[in-house]
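What follows is a short report on a single structure.
The values are calculated or read from the model by the stated rules, or taken from the named source; none is laboratory data. This structure is a prediction, so every number in the text was calculated from the model and none was measured. Note that each Cβ is placed from the backbone with ideal geometry, even for glycine, and that neighbours are counted across all protein chains shown.
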């Protein structure tokens, strides 16, 4: 959450001349409602089921860049889908301090609703970071660089562009 997956993914796709897909946006388009509403009506389990189905559809598309939601790794099936995809899996690693800054005005994230955002982000990080790290082919630490600088760094380092 707040690592820049959608923004950096979109920039990378553009520079690589590939289509870009965002799992959450694709779900919203398919369902006609926001991720928040899906969470509200179907709870996290219902959302995760839909997320898995969308991941299966998107991962089958050739030569594309896909931004997954941060919680994609909480479902074992998704981990297996990603592992078996033969895709480069890029983990944009960020710390809680950066997330707090980047998400300071964001009111849409279902798992951040209510108080104690820092505590929630810290808990999520402790539950997920090891999963991201074990799944990633490439890990890039995000920091204060702009999304365009991050995308350029990734392209130079991992795509010889």
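Which residues, counting only those in the stretch 129-149, are touching a strand residue (DSSP E or B) at 6+ places or on another chain (Cβ under 7 Å) and farther than 23 Å from residue 82 by Cα?
None; the set is empty.
Let me spell it out: the conditions are (1) under 16 Å from the mean Cα position of the chain (by Cα); (2) surrounded by fewer than 14 Cβ atoms within 10 Å (Cβ to Cβ); (3) without any contact (Cβ under 8 Å) to a residue 40 or more places away in the chain, and residue 88 meets all of them except one. Which number is the exception?
(3)
Just to be sure before I move on: is residue 26 under 24 Å from residue 137 (Cβ atoms), in contact with a helix residue (DSSP H, G or I) (Cβ under 6 Å, 6 or more places away or on another chain), modelled with pLDDT of 95 or more and not in a strand (DSSP E or B) in the structure I sent?
yes
In the stretch 96-112, is there at least one residue being over 21 Å from residue 18 (Cα atoms), at pLDDT 90 or above, in a helix (DSSP H, G or I) and out of contact with any strand residue (DSSP E or B) (no Cβ under 6 Å at 6 or more places or on another chain)? I'd like the intermediate steps shown before the answer.
The initial filter retains those residues of the stretch 96-112 that are over 21 Å from residue 18 (Cα atoms), namely 96-112.
From the residues that got through so far, the ones that are at pLDDT 90 or above too are none.
Looking through the stretch 96-112, none of the residues is over 21 Å from residue 18 (Cα atoms), at pLDDT 90 or above, in a helix (DSSP H, G or I) and out of contact with any strand residue (DSSP E or B) (no Cβ under 6 Å at 6 or more places or on another chain).
Would you confirm whether any residue within the stretch 119-142 is at positive phi and over 15 Å from the mean Cα position of the chain (by Cα)?
The answer is no, given that none of the residues of the stretch 119-142 is at positive phi and over 15 Å from the mean Cα position of the chain (by Cα).
Yes/no per residue for (1) modelled with pLDDT of 90 or more; (2) surrounded by fewer than 16 Cβ atoms within 10 Å (Cβ to Cβ); (3) part of a helix (DSSP H, G or I):
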| position | (1), (2), (3) |
| --- | --- |
| 42 | yes, yes, yes |
| 47 | yes, no, yes |
| 61 | yes, yes, no |
| 79 | yes, yes, yes |
| 120 | no, no, yes |
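In this structure, does residue 66 turn out to be outside any loop (DSSP other than H, G, I, E, B), touching a strand residue (DSSP E or B) at 6+ places or on another chain (Cβ under 7 Å) and within 18 Å of residue 139 (Cα to Cα)? Can you show your working first?
On the way: outside any loop (DSSP other than H, G, I, E, B): yes; touching a strand residue (DSSP E or B) at 6+ places or on another chain (Cβ under 7 Å): yes; within 18 Å of residue 139 (Cα to Cα): yes.
When the stated conditions are applied, residue 66 passes them.
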